[in-house]
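Below: one structure, written as structure tokens.
The values are calculated or read from the model by the stated rules, or taken from the named source; none is laboratory data. Just so it is clear, the structure is predicted and the values come from calculations on it, not from any experiment. Reconstructed Cβ throughout: ideal geometry from the backbone, glycine too, with neighbour counts over all protein chains shown.
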Amino acid sequence: MQNLLIEKPYEFVGPIKTAWPQTLYTRSGLFRPSLKRLQGVVDHECRNLDRLKASIDAGHGVMMAPNHPRLADPMVFCFVARETPCNFYAMASWHLFNQGWFTKFMIRMMGAFSVNREGLDRQAIDYAIKILQHAERPLLIFPEGATSRTNDGLMALMEGPAFIARTAAKRRAKENKKVVIHPIGIKYLFQGDIEKACDGVLTKIEKGLSWKPLTGMSLIERLVKVGNALLTLKELQYDVPRIAGTLRERQTCLRNHLLAPLEREWLGEEKDDGIQVRVKNLRMKIFPEMTRQELSDEERHRRWDQLARTYLAQQVDCYPEKYLYGLPSIDRILETCEKFEEDLTGQCTIHGNLKVIIDVDDAIEVSPERVRGVSEDPIMAQVRERLEARIDELQHESRLYESE
């Protein structure tokens, strides 16, 4: 499990409000070397920035709501800040502020403030509402709530952004002012040699499975075989009843096997919500006491094991069925290979040669009125539909894979 949970009491961390450091950093392009070295992004294209600029110029409270396929996503918005031009604020997970003083400083300089994803963080929510209410800068929130590493798919969206936007809209309505949300599609295109990029990673994994490297197969065949082996190992590790089903059926069985016992213990009943909501609800129950250092070592270890199960359930859900066969693109192959490596080792090789496309959709005006008795918040339903449409369009810009 990656170091996403910090076992110490949460403290809200605000952004550096002074505008000139972010302005200098983005306008001068100082972010480019770090983006290339840390995330492999070497080229970019921003589309339809006029839509975002029009909302800013109109004085609206602006929320930017992109999909979240890679860890590079927050940093690539430096291109948006540079070309619009504008500064922005961003909501970021608290664990990012605990990776050393320099990282913390840089994140805060880019307008980021912390949010406790393992609790109800009223201070972060209030801070986000006030940003939209006063419309000083656009606010960046990733509504999926976590990185998917699935550029051509979208996870279930969290309801929090709708609450923030609607509350701000109520306050601004008193002054006849608006809050709008811009869905933004992010797409990464790999421009390098896919065979060279994936062969070393797959060979390492295959050797770890005590296999002879499957270099005679196409990359897609190798990925499918390795993926099936890794899923089978997890089923064996957690004593999951074996079923002769589809990939999605096996994933669902493993996910429920991991989460259902925890939900019965901590929530009193099994849930059928989206994976992000299920994991968040469990972590909100399991984790807070751990940060107060009040538990025995035995109980701490038990809870860390439970948190590892929630993390695995979340990661398993990020592998869409027939993803490689539905559109056998270079980019889907690279993403799948990277996810295997990251899930096994907690780290991912930076292959470089990535071009990012950032495509801004039309503004969605936020109604201050809450609609009750619906399964999905109407605001998030619109955001989801727009993001899916953007993703569907952008996926066809990937190069198709042709095996040698």
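Taking the range 34-96 and the strands (runs of 3 or more DSSP E) fully enclosed by it, the elements with 1 or more residues that are touching a Gly at 6+ places or on another chain (Cβ under 6 Å) are at 89-93.
Residues are listed down the side, and each one gets a yes or a no for (1) more than 22 Å from residue 36 (Cα to Cα); (2) polar (S, T, N, Q); (3) not assigned by TED's automatic domain parsing to the domain that holds residue 323:
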residue	(1), (2), (3)
102	no, no, yes
110	no, no, yes
135	yes, no, yes
176	yes, yes, yes
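Residues of the range 286-324 that are within 21 Å of the chain's Cα centre (by Cα) and either hydroxyl-bearing (Ser, Thr, Tyr) or assigned by TED's automatic domain parsing to the domain that holds residue 150 (or both): 310, 311, 319, 323.
Under the condition of being part of a loop (DSSP other than H, G, I, E, B) and either under 30 Å from residue 303 (Cβ atoms) or not assigned by TED's automatic domain parsing to the domain that holds residue 308 (or both), the residues counted in the range 215-247 number 6. The residue that is surrounded by the most Cβ atoms within 10 Å (Cβ to Cβ), among those in the range 290-328 that are among the acidic types (Asp, Glu) and modelled with pLDDT of 90 or more, is 299. Might you check whether a residue that is over 22 Å from residue 14 (Cβ atoms), out of contact with any Leu (no Cβ under 7 Å at 6 or more places or on another chain), in a loop (DSSP other than H, G, I, E, B) and in the same structural domain as residue 371 (by TED's automatic domain parsing) occurs anywhere in the range 159-167? Within the range 159-167 (the criterion being over 22 Å from residue 14 (Cβ atoms), out of contact with any Leu (no Cβ under 7 Å at 6 or more places or on another chain), in a loop (DSSP other than H, G, I, E, B) and in the same structural domain as residue 371 (by TED's automatic domain parsing)), the answer is yes, since at least one residue qualifies. For residue 53, the test of being touching a strand residue (DSSP E or B) at 6+ places or on another chain (Cβ under 6 Å), in the same structural domain as residue 146 (by TED's automatic domain parsing) and not small (Gly, Ala, Ser) is failed. For the range 1-29, name all the residues that are buried (at least 18 other Cβ atoms within 10 Å of the Cβ) and in contact with a Gly (Cβ under 9 Å, 6 or more places away or on another chain). Once the filter is applied, which keeps residues that are buried (at least 18 other Cβ atoms within 10 Å of the Cβ) and in contact with a Gly (Cβ under 9 Å, 6 or more places away or on another chain), the range 1-29 yields 10, 15, 22. Can you pull out every residue in the range 207-237 that is touching a residue at least 60 places away in the same chain (Cβ under 8 Å) and over 24 Å from residue 197 (Cβ atoms)? If the condition is that a residue be touching a residue at least 60 places away in the same chain (Cβ under 8 Å) and over 24 Å from residue 197 (Cβ atoms), then 234 is the only one that fits.
Looking at 37, 82, 32, which one is charged (D, E, K, R), out of contact with any strand residue (DSSP E or B) (no Cβ under 7 Å at 6 or more places or on another chain), over 30 Å from residue 368 (Cα atoms) and buried (at least 19 other Cβ atoms within 10 Å of the Cβ)? Answer to the selection: 82. Selection within the range 258-280: residues that are within 20 Å of residue 160 (Cα to Cα) and out of contact with any helix residue (DSSP H, G or I) (no Cβ under 8 Å at 6 or more places or on another chain). The member of this set that is surrounded by the most Cβ atoms within 10 Å (Cβ to Cβ) is 280.
The condition (being more than 23 Å from residue 344 (Cα to Cα), touching a residue at least 12 places away in the same chain (Cβ under 8 Å) and part of a helix (DSSP H, G or I)) is satisfied by just one residue among 270, 263: 263. Listed conditions (1) surrounded by fewer than 16 Cβ atoms within 10 Å (Cβ to Cβ); (2) over 19 Å from residue 73 (Cβ atoms) are all met by residue 355, apart from (2). All but one of (1) in contact with a strand residue (DSSP E or B) (Cβ under 8 Å, 6 or more places away or on another chain); (2) among the β-branched types (Val, Ile, Thr); (3) without any contact (Cβ under 8 Å) to a residue 60 or more places away in the chain hold for residue 129, so report the exception by its number. Going through the list (1) in contact with a strand residue (DSSP E or B) (Cβ under 8 Å, 6 or more places away or on another chain); (2) among the β-branched types (Val, Ile, Thr); (3) without any contact (Cβ under 8 Å) to a residue 60 or more places away in the chain, residue 129 breaks only (1). State which residue is farthest from residue 250 (Cα to Cα) when the search covers only the range 318-333 and only residues that are aliphatic (A, V, I, L, M) and touching a Lys or Arg at 6+ places or on another chain (Cβ under 8 Å). The selected residue is 330.
Screening residue 218 on (1) touching a Ser or Thr at 6+ places or on another chain (Cβ under 6 Å); (2) surrounded by fewer than 14 Cβ atoms within 10 Å (Cβ to Cβ) shows it passes everything except condition (2). Considering each residue of the range 239-247 in turn, at least one proves to be surrounded by 13 or more Cβ atoms within 10 Å (Cβ to Cβ) and either at pLDDT 95 or above or more than 30 Å from residue 384 (Cα to Cα) (or both).
The condition of being closer than 19 Å to residue 117 by Cα, modelled with pLDDT of 90 or more and assigned by TED's automatic domain parsing to the domain that holds residue 232 holds for only one of 250, 255, 283, that being 283. When every residue of the range 94-101 is checked against the conditions, at least one turns out to be at positive phi and surrounded by fewer than 24 Cβ atoms within 10 Å (Cβ to Cβ).
The set of residues from the range 329-351 being crowded, with 20+ Cβ neighbours inside 10 Å, aliphatic (A, V, I, L, M) and over 24 Å from residue 34 (Cα atoms) comprises 330, 333.
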